[in-house]
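*Asks:* Please see the structure below; I have some questions.
Throughout, read-outs are computed from the coordinates displayed, never taken from laboratory work. Quantities reported herein were computed from a predicted structural model and do not represent experimental measurements. Positions of Cβ are backbone-derived with ideal geometry, glycine not excepted, and every protein chain shown enters the neighbour counts.
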Amino acid sequence: QVQLVESGGGLVQAGGSLRLSCTVSGRIISDYCMGWFRQAPGKEREFVAAITAIGGTLFSTNSVKGRFTISRDNLENTLYLQMSALEADDTAVYYCAAPLTPGLPSTSPSDYYYWGQGTQVTVSS
């Protein structure tokens with residue numbers, strides 16, 4: 001069974017940084033694309049970033065692209081999201097996700113099958 005577990009969230013001031021981790025079991029992540037999503041209270045889950053099996057990256061906006069870095073450590077079988085210059089609008093529960101099968105990366109939550117339980121990121125303004 002594939003299991004994703006996020007960690008690294010917390011409370012930070014605006015302008016601060018956090019590194020989120022997603023440890024995966026039951027699958028070698030180097031063979032699949034993976035994504036990060038976030039969901040704030042009362043809002044829909046939204047795409048943040050994705051990384052392909054060969055290291056290509058996709059970001060939701062230029063703002064995210066300039067402040068966030070998505071990466072993977074295949075030896076640790078772990079996905080990361082390094083977040084810098086955090087803003088209040090970044091406050092959300094962050095989820096890592098993986099599709100059922102290898103393929104092209106997607107920005108839609110419906111195209112992902114496996115999800116972690118999420119880690120809370122709160123940015124104070």
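*Asks:* Relative contact order, percent, of the chain when contacts are C-alpha pairs under 8 Å separated by at least 6 residues? Mind showing how you got there, number by number?
*Replies:* Working: 319 pairs, mean separation 45.1, N = 125.
Relative contact order comes out at 36 percent.
*Asks:* Quick one: net charge of A53's neighbours, Cβ under 12 Å, K/R +1, D/E -1? If you can, show how the numbers build up before the last one.
*Replies:* Values: positive: R27, R72; negative: D31.
It works out to a net charge of +1.
*Asks:* Please work out the ratio of the alpha-carbon Rg of the chain to 2.2 N^0.38 Å and round it to two decimals. Show your work: numbers first, answer last.
*Replies:* Working: Rg = 13.4 Å, N = 125, 2.2 N^0.38 = 13.8 Å.
Computed over Cα atoms of the chain, the ratio equals 0.97.
*Asks:* What FRET efficiency comes out for the pair I28/E87, r = Cβ-Cβ distance, R0 = 41 Å, nearest 0.05? Before the final figure, lay out each step's value.
*Replies:* On the way: r = 34 Å, r/R0 = 0.84.
Approximately 0.75, to the nearest 0.05.
*Asks:* When Lys and Arg each count +1 and Asp and Glu each count -1, what net charge do the other residues less than 15 Å away from S17, Cβ to Cβ, add up to? All intermediate terms of the calculation are to be shown ahead of the outcome.
*Replies:* Details: positive: R19, R67; negative: E87, D90.
Computed value for this residue: 0.
*Asks:* Whole angstrom only: what separates the Cα centroid of the range 77-125 from the Cα centroid of the range 1-46?
*Replies:* With the range 77-125 and the range 1-46 each reduced to a Cα centre, they are spaced 4 Å.
*Asks:* Another question, then. I want the antiparallel fraction of DSSP beta bridges within the chain, as a percent rounded to 5. Intermediate values should be presented prior to the final figure.
*Replies:* Working: 35 of 39 bridges.
For the chain, the DSSP antiparallel bridge percentage is about 90.
*Asks:* If you don't mind, there's one more thing I want to ask. Run the lone-cysteine check on the chain: no other Cys C-beta under 4.7 Å from the residue's C-beta.
*Replies:* Cysteines lacking a close Cβ partner in the chain: C33.
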